[in-house]
Amino acid sequence: METKQKFLSFNLGVGDQGVISLEHIIEVLQVSLSEICVVPQMPNCVLGIYSWRGEMLWLVDLEEMLGYPPVLQSTNLITKMMVIVLENEGKHLGLMVRQLTDIELLDQQQMKKPSQDVFYPAMTPFLQGYVTNGAEQMVFFLNAVAIIKSPMWEHHN
């Protein structure tokens, strides 16, 4: 039985990597920061709204949401960012990431279950598990559905 699935991988922080299953990704786009409409009274990781396919797409700084330093803080020279558009049950959410790395075939059965003390507490609700790759990097399997359904923006979406 084939247990491998396709995942989109991207950088998290300085040395980590995140992956999200392709089944919930409908598009990857480059967004110019000047096109993001900032919305007040939102959690810090919510960057604002972006006009996408005639819809309003909420954009989230994935690193900040997971407990890393905010991407924009460290990359103030960058004017465009990569956004992964997730979809679940008709709801969309844009995750802003520093850099996409690859599409990888990964075996979820090799994934280790996360233990509370190893990771940022902010990451735990969105983490399915992790593996350590050949380069001794942590690769975090993120749960797209948990991210979309997060109470942080559920009532705004």
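Data table
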| quantity | calculated |
| --- | --- |
| The chain - share of DSSP beta bridges that are antiparallel (%, nearest 5) | 85 percent |
| Segment Leu100-Val14, length gained on full extension (0.36 nm per residue, minus Cα span) | 29.6 nm |
| Hypothetical label at Ala122: residues of the range 18-52 whose amide nitrogen lies under 12 Å (7 Å Cα-Cβ projection) | 43-47 |
| The chain: relative contact order as a whole-number percent, Cα under 8 Å and 6+ apart | 29 percent |
| Size of electric dipole in the range 4-154: Cβ of Lys, Arg +1 and of Asp, Glu -1, about Cα centre, debye, nearest 20 | 60 debye |
| Helix-derived mean residue ellipticity, 222 nm - over the chain, DSSP H n ≥ 4, -39500 (n - 2.57), to 500 | -1500 deg cm²/dmol |
| Mean-position separation - Cα centroids, the range 82-131 and the range 1-71, in angstrom | 10 Å |
| The range 26-86, dipole about Cα centre (Lys/Arg Cβ +1, Asp/Glu Cβ -1), debye to the nearest 20 | 100 debye |
| Anchor Lys112: lysines whose Cα lies under 19 Å away (excluding residues fewer than 8 positions away in-chain) | Lys4, Lys6 |
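A short reminder: the numbers here are calculations on the coordinates, not readings from a lab. Predicted, not measured: the structure shown is a model, and the values here were computed from it. Please note: Cβ atoms are built from the backbone with ideal geometry, for glycine as well, and neighbour counts cover all protein chains shown.
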